[in-house]
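The structure under discussion appears below in the form of structure tokens.
Laboratory data are not the source of any read-out in this text; all were calculated from the coordinates shown. Bear in mind that the values here come from a model prediction, so they are computed numbers and not experimental data. Virtual Cβ from ideal backbone geometry, glycine too; neighbours counted across all protein chains shown.
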Amino acid sequence: MKRVFLKLSGEALAGEKHTGFDEPTVTDVARQVKQITENGTQIGIVIGGGNFWRGRTSETIDRTKADQIGMLATIMNCIYVSEIFRSQGMGTQILTPFECGSMTKLFSKDRANKYFESGMVVFFAGGTGHPYFSTDTGIVLRAVEMEAEGIYLAKAIDGVYDSDPKINPSAVKYDELSIQEVVDKKLAVVDLTASIMCMENKMPMYVFGLNEKNSIVKALSGEFRGTKVTV
């Protein structure tokens with residue numbers, strides 16, 4: 001594929017600490033992404049904010065404010081991961097849907113394409129810039145806008161199951177299923193808004209486990225062992 005989007009969970013980047021960052025984990029992600037970009041694939045990255053804040057972390061404050069804190073958490077994650085990528089010899093840029101001082105650039109499709117064509121890894125931080133929309137919706141929106149060929153979702157488990165494998169030892173993993181099945185069976189690969197956007201814009205998703213050795217490289221180089229969500 002010429003251009004893909006990669007979604008990383010904030011929790012995955014925190015490793016066993018569950019909050020903050022686990023630098024060896026992030027460095028390994030950077031090593032794998034560098035290998036992929038050197039083979040000519042352009043990569044856009046979206047990172048969740050769950051290692052700092054989730055939208056429902058507090059039931060006391062206003063939902064809009066809670067979601068704004070979550071947006072800022074994704075920006076912090078992108079700044080950190082971007083710097084680790086740079087330490088591994090890659091060029092990076094961070095784009096946000098709102099002005100964020102001199103720390104990021106304001107998103108536009110032309111600007112993002114310029115960075116991609118310059119061989120940079122582009123981070124899309126801050127979600128959609130609006131409350132009530134998750135980073136799931138954010139990555140689908142940007143992937144559709146930027147005409148990506150697919151979205152790769154790096155998760156804590158190695159694919160999509162018919163029930164939670166942590167609770168049900170007999171849970172069955174899907175090798176392939178349609179986005180319509182995801183919606184009908186309420187499998188929660190991504191949230192409903194993101195699922196409908198994928199369906200309407202024919203954007204396939206590939207769900208795999210981040211913890212497997214070289215999982216990102218394998219997922220993008222023909223050794224995909226997760227679940228393909230078709231459109």
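Points worth noting:
- From most to least packed by mean Cβ count within 10 Å, the peptides 119-131, 216-228 give 119-131, 216-228.
- Under the combined filter of DSSP loop state and at most 16 neighbouring Cβ atoms within 10 Å, segment 11-55 retains none of its chymotrypsin sites (Phe, Trp or Tyr not before Pro).
- For segment 219-231, 3J(HN,Hα) computed residue by residue from phi via the Karplus equation (6.51, -1.76, 1.60; θ = phi - 60°) reads 4, 9, 10, x, 10, 5, 10, x, 10, 8, 9, 8, 10 Hz, glycine and proline entered as x.
- Packing-based ranking of 168-178, 188-198 yields 188-198, 168-178, ordered from highest to lowest mean Cβ neighbour count within 10 Å.
- Cα gyration tensor, segment 57-177 - rounded (a/c under 1.5), prolate or oblate: oblate
- Zone residues, segment 29-43, relative to Asn214, backbone N less than 16 Å from point 7 Å out along Cα-to-Cβ: 29-39
- Just so you know, the Cα atoms of the chain work out to an Rg and Dmax of 16.6, 50 Å.
- Sorted by Cβ neighbour density within 10 Å, fewest at the top, the residues Lys186, Lys155, Lys2: Lys186, Lys2, Lys155
- Inter-label distance, Ile79 to Glu147: 3.3 nm, where each label sits 7 Å from its Cα along the C-beta direction.
- Violating pairs (Cα-Cα greater than 19 angstrom) within the set Lys2/Lys218; Lys186/Lys228; Lys7/Lys65; Lys34/Lys218; Lys114/Lys202: Lys7/Lys65; Lys114/Lys202
- Bridge orientation summary for segment 3-230: considering DSSP beta bridges with both residues in this region, about 15 percent are antiparallel.
- Dividing the summed helix terms, -39500 (n - 2.57) for each DSSP H run of n ≥ 4, by the number of residues in the chain produces a 222 nm estimate of -11500 deg cm²/dmol to the nearest 500.
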